[in-house]
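See structure below.
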Amino acid sequence: MAGRPRASPALGVADALTRDAVEHWLRETDEARLETLWAAADEARRDYVGDAVHLRGLVEVSNYCVRGCTYCGIRAGNRGVERYRVSADVVLDCAHKAEEFGYGTLVMQSGEDYGIETDWLAGILRRIRRETGLAAITLSLGERPDDDLAAWREAGADRYLLRFETSDDALYRHIHPDLPGKVSDRMAILRRLQELGYEAGTGIMVGIPGQTHASIAADIELFRGMDMDMIGIGPYLPHPATPLGQESARRQTEDDWPPDQAPSSELMTCKVLALTRLARPDANLPATTALSLVNKAGGRAHGLQRGANVVMPNLTPLREREKYEIYPEKAAVHETAAAINDSIMALLAALGRTVGTGAGARRRS
Ligand code: SAH
């Protein structure tokens, strides 16, 4: 049962989690010591959020984007992307499919696409509310103006995901250029979302070129103080058709990494995930798709065993999914929603975990 933590030897790790200790763990290479970190994170996960894994069906609504994020494959400048925006009926089909598969909630994600008009999306939100029994609806549509966020909250959206990506300001500006005349301040938007009554989620990428161990320790420290309902952590995956992807390839060839560069490995991502579970034991933490791609055989399982309690199975129709390539191989076009669902259900059974029901909202500790 989730609830108050039991006193446990493993939680001794959490007690000692100063920022220095976090940074030390991020550099740890000793496998036996890392086992104690995984055990502590798994125990905190069990004690605070239980064995249920919440499944959130993902629909990638549009790959149009006005932004120039240097990491992202669907950035405006990538002329090689065929753009799409799904119809309201497609979103509704996905919502029904989510219900059929027993997922409690639906997540709508897209590029920052102002073709997603305020009223159009509000109408879809109302239809989902009316026509399905889904317990919660999550949006992840980028840095939309206050009025949109308020209208969508009013129309039935419950949650909003907006990763701050990195707390290193100079690095953030490098990978996430401002729009003309508008400084990107994701922390301010996250606060605004909470004022509007949304459950807010954030997160980072791990191993961005130029991101240090010290900087990730600062990110985790920030998570500790932020009161977020969900925190998504995935490895940075270089996309060859992006400026940052090309920078990564050059650095790789020339072995030219900044001092203290954190790797974008499965191991590093799991460390960040485990430390985040210990820093915010009651948060919802997904085993991300990006993590499942850096180790196709075991990434998702490792995530679930090292702190994660959420999975976001992809429901986007294959025709659109192959065009939502924020990073390489994201599409998994050979896998239908039903196949993805089967493999996740089999994994949960193998790990002795149950499927969460209902909204799966954070229960504050
Ligand atoms: N437009 C929305 C949704 C973006 S996709 C927004 O900006 O919030 C959701 C997340 O995918 C991003 O926040 C980013 O952390 C991650 N992502 C994008 N490109 C990536 C890449 N190349 N490698 C790893 N993660 C990536």
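Test D113 against the stated conditions and say whether it is touching a helix residue (DSSP H, G or I) at 6+ places or on another chain (Cβ under 6 Å) and not in a strand (DSSP E or B). Working first, answer last.
Working: touching a helix residue (DSSP H, G or I) at 6+ places or on another chain (Cβ under 6 Å): no; not in a strand (DSSP E or B): yes.
When the stated conditions are applied, D113 does not pass them.
Taking D260, is it touching a helix residue (DSSP H, G or I) at 6+ places or on another chain (Cβ under 6 Å) and among the acidic types (D, E)? Give the steps one after another, and end with the answer.
Numbers: touching a helix residue (DSSP H, G or I) at 6+ places or on another chain (Cβ under 6 Å): yes; among the acidic types (D, E): yes.
The answer is yes for D260.
For every residue, the table says whether it meets (1) over 19 Å from M205 (Cβ atoms); (2) open to solvent by 40 Å² or more (accessible area, probe 1.4 Å); (3) within 18 Å of the chain's Cα centre (by Cα); (4) not hydroxyl-bearing (S, T, Y).
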site: G68; (1), (2), (3), (4): no, no, no, yes
site: C72; (1), (2), (3), (4): no, no, yes, yes
site: Y84; (1), (2), (3), (4): yes, no, no, no
site: S87; (1), (2), (3), (4): yes, yes, no, no
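Between residues in the range 59-87 that are more than 23 Å from L125 (Cα to Cα) and residues that are among the charged types (D, E, K, R) and more than 11 Å from the ligand (Cβ to nearest atom), which pairs lie under 6 Å by C-beta distance while being six or more apart or on different chains?
From the range 59-87, the pairs are E82/K323.
Look through the range 236-278, keep the residues that are touching a Phe, Trp or Tyr at 6+ places or on another chain (Cβ under 9 Å) and of a type in the set (K, R), and return whichever of them is farthest from V81 (Cα to Cα).
Among those residues, the one meeting the criterion is R277.
Filter the range 247-262 down to residues that are surrounded by 16 or more Cβ atoms within 10 Å (Cβ to Cβ) and not basic (K, R) and give me whichever is farthest from N295 (Cα to Cα). Break it down stepwise before answering.
Initially, the range 247-262 is screened for residues surrounded by 16 or more Cβ atoms within 10 Å (Cβ to Cβ), giving 247-248, 251, 261-262.
If we keep only those that are not basic (K, R) too, we end up with 247-248, 261-262.
Working: E247: 23, S248: 19, Q261: 21, A262: 18 Å.
In this case the residue turns out to be E247.
Please specify each residue of the range 52-79 satisfying the condition of being among the basic types (K, R) and part of a strand (DSSP E or B).
From the range 52-79, those among the basic types (K, R) are 56, 67, 75, 79; that's our starting set.
The answer is R56, and nothing else.
Test each condition in (1) closer than 23 Å to A76 by Cβ; (2) away from the ligand (no atom under 15 Å from the Cβ); (3) not acidic (D, E) for A155 and report the one that comes out false.
So the condition that A155 fails would be (1).
Evaluate the range 313-330: report whether one residue or more is open to solvent by 30 Å² or more (accessible area, probe 1.4 Å) and at positive phi.
Within the range 313-330, one or more residues are open to solvent by 30 Å² or more (accessible area, probe 1.4 Å) and at positive phi.
Is the range 28-44 home to any residue that is within 16 Å of the ligand (Cβ to nearest atom) and not basic (K, R)?
Kept after step one, since they are within 16 Å of the ligand (Cβ to nearest atom), are these residues of the range 28-44: none.
No: zero hits.
Only one of L315, L351 is in contact with a helix residue (DSSP H, G or I) (Cβ under 7 Å, 6 or more places away or on another chain) and under 29 Å from P281 (Cβ atoms). Can you tell me which?
Answer to the selection: L351.
Which numbered condition trips up H302, out of (1) touching a residue at least 40 places away in the same chain (Cβ under 8 Å); (2) crowded, with 19+ Cβ neighbours inside 10 Å?
Evaluating H302 over (1) touching a residue at least 40 places away in the same chain (Cβ under 8 Å); (2) crowded, with 19+ Cβ neighbours inside 10 Å leaves (1) as the failure.
For the range 92-110, how many residues meet the condition of being touching a strand residue (DSSP E or B) at 6+ places or on another chain (Cβ under 6 Å) and in a helix (DSSP H, G or I)?
Qualifying residue count for the region: 3.
Is it the case that the range 273-283 has a residue that's within 16 Å of the ligand (Cβ to nearest atom) and in contact with a helix residue (DSSP H, G or I) (Cβ under 9 Å, 6 or more places away or on another chain)? Explain how you work it out, then say what you get.
Initial filter on the range 273-283 (within 16 Å of the ligand (Cβ to nearest atom)): 273, 276.
Imposing the further condition that a residue be in contact with a helix residue (DSSP H, G or I) (Cβ under 9 Å, 6 or more places away or on another chain) reduces the set to 273, 276.
Yes: one or more hits.
Looking at the range 286-365, what helices (runs of 4 or more DSSP H) fall wholly within it and have at least 2 residues that are away from the ligand (no atom under 16 Å from the Cβ) and within 13 Å of R56 (Cβ to Cβ)? Steps first, please.
Working: elements: 289-294, 299-305, 318-321, 337-350.
Passing ranges, in order: 337-350.
The values are calculated or read from the model by the stated rules, or taken from the named source; none is laboratory data. Because the structure is predicted, anything quoted here is derived from the model rather than measured. Every residue, glycine among them, receives a Cβ derived from its backbone with ideal geometry; neighbour counts consider all protein chains shown. Note: areas computed on protein heavy atoms with side chains; ligands, DNA, RNA excluded. Shrake-Rupley method; radii C 1.70, N 1.55, O 1.52, S 1.80 Å.
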